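Each remark here refers to the structure printed beneath this line.
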Amino acid sequence: MVERGAISARSAEEAVAASGLTVVCVVNYDASDAILRRDGVTDALKGRTVVSLTADTPDRARDTARWAAGHGIRYLDGAIMTPTTTIGTANAVVIYSGPEDLYREHQPVLKALGGTHTHLGEEIGRAAAYDIALLDIFWTAMAGYTHALAVAKVEGVTARELAPFAKGIAAILPPLFEEGAEEVDRGSFPGEGNPITSAASSMAHIVHTSEAHGIDAGVMRAAEGMARRVIGLGHGTDGFMRVAEVLGRH
C-alpha cells in the first residue's frame, strides 16, 4: 500500500488522528477492541467515525456501538462478504448497518474498496447478522462437499469425477432458496411430492454408507436428527423447510 501512495502510521494513535474516518478490519472484535479501546486511541477517535469491517457476532457489533457512543465516536458496522483478493475490484461485496446518514457521508471513500456496497438498515447488528447467516450457508455447504468427496473416494469415485455432478446439485439450489424463503416467511411448509420423511430416509442412507466405511457422519446425523425431530412433532407430511420453524422455537 505504501508503494501505491499510502502513508504508513507509526502507531494506531497516529493513524486514527490522521483522518476523520477510520476503517478497521482485523480477525475479530477481541483484536479490534485491543486496538480501539486503548486510552490514547479512544481519545484520538472522539468526534470521528469508525467503520468496522471486522467479522464477529451481532452482539459484539452492538456492544461496540454502545462503547463508541459512550466515548463520542460515530460508528458503522459492516462485513466483507467476498475473498480478500476481490478488494479493489468489481467483484467485492461489502455490507453495512448503522446510521444511514453516516454511511452516506463516507460512501465515496468506502467505495474505494471496490465492488458493491449495501446499507442494510439502521439497526447496528444487521450486517453481522447477514454475515453470520450467509457464512452458515457457506461453511455448512463446504462441510457437506468435503464429506461427499470423502465418501465418494472410498466408493471408488474420484473428486474430479464427482465435481461436475456436484455443480449440478448446486445449480438447483437458487430456486429452492427463493421458494424456501417464501415458505418460512409465510409459515406454511407444503410437502406434497417431497415430504420431510423422504429427506430423513435419504439422510439415513448417507449416514449408513459413511459409517460403513469408518467416515464420521456427525454433520449428517445432526441434520437427520433435526428432520426426525420435526417428524416426531407431527409434521411428517410437511416439507423440509419446516426445520427452520422448529429450530426457531424457544
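None of the figures in this text is laboratory data; all of them are computed from the coordinates on show. All of these numbers come straight from a predicted model, not from anything done at the bench. When we count neighbours, we look across all protein chains shown, and the Cβ atoms used for this are built from the backbone with ideal geometry, even at glycine.
Seen through its C-alpha gyration tensor, with square-root eigenvalues sorted a ≥ b ≥ c, region 97-152 comes out oblate because a/c lies at 1.5 or above while a/b is not bigger than b/c.
Average projected area of the Cα convex hull of the chain, in nm²? If you can, show how the numbers build up before the last one.
Numbers: hull surface 71.1 nm².
Result: a mean projected hull area of 17.8 nm².
Expressed to the nearest 5 percent, the antiparallel share of DSSP beta bridges inside the chain is 30 percent. In terms of its Cα atoms, region 155-250 spans 43, 27, 25 Å along the principal axes, sorted from long to short.
When the Gaussian network model of the chain links Cα atoms closer than 10 Å, the mean-square fluctuations of Glu179, Glu14, Glu224 top out at Glu179.
The modelled label-to-label distance for the pair Arg104/His71, using points 7 Å beyond Cα in the direction of Cβ, is 2.9 nm.
May I ask you to sort Arg10, Arg74 by Cβ crowding, counting other Cβ atoms within 10 Å and putting the fewest first? Mind showing how you got there, number by number?
On the way: Arg10 7, Arg74 22.
Listed from fewest to most nearby Cβ atoms, that is Arg10, Arg74.
Packing order of peptides 3-9, 62-68, highest average first: 62-68, 3-9 (average count of other Cβ atoms within 10 Å over each peptide's residues). Note on His213 and Ile169: their simple-model spin labels are 1.2 nm apart, each label 7 Å out from Cα toward Cβ.
As a rough footprinting exposure proxy, the listed residues Phe240, Phe138 were ranked by other beta carbons within 10 Å of their own, and the order from fewest upward is Phe138, Phe240.
Stokes-Einstein, applied to the Kirkwood radius of region 1-92 over Cα pairs at a viscosity of 0.692 mPa s and 37 °C, places its translational diffusion at 235 µm² s⁻¹. With neighbours defined as other Cβ atoms within 10 Å of a residue's Cβ, the residues Arg249, Arg60, Arg186 order from fewest to most as Arg249, Arg186, Arg60. In terms of packing, defined here as the mean over residues of other Cβ atoms within 10 angstrom, the peptides 228-236, 123-131 line up highest first as 123-131, 228-236. Spacing of the modelled spin labels on Thr140 and Asp39, each 7 Å from Cα toward Cβ, amounts to 4.7 nm.
Is the shape of region 183-222 rounded, prolate or oblate, going by the alpha carbon gyration tensor and its root eigenvalues a ≥ b ≥ c, with a/c under 1.5 for rounded and a/b larger than b/c for prolate?
oblate
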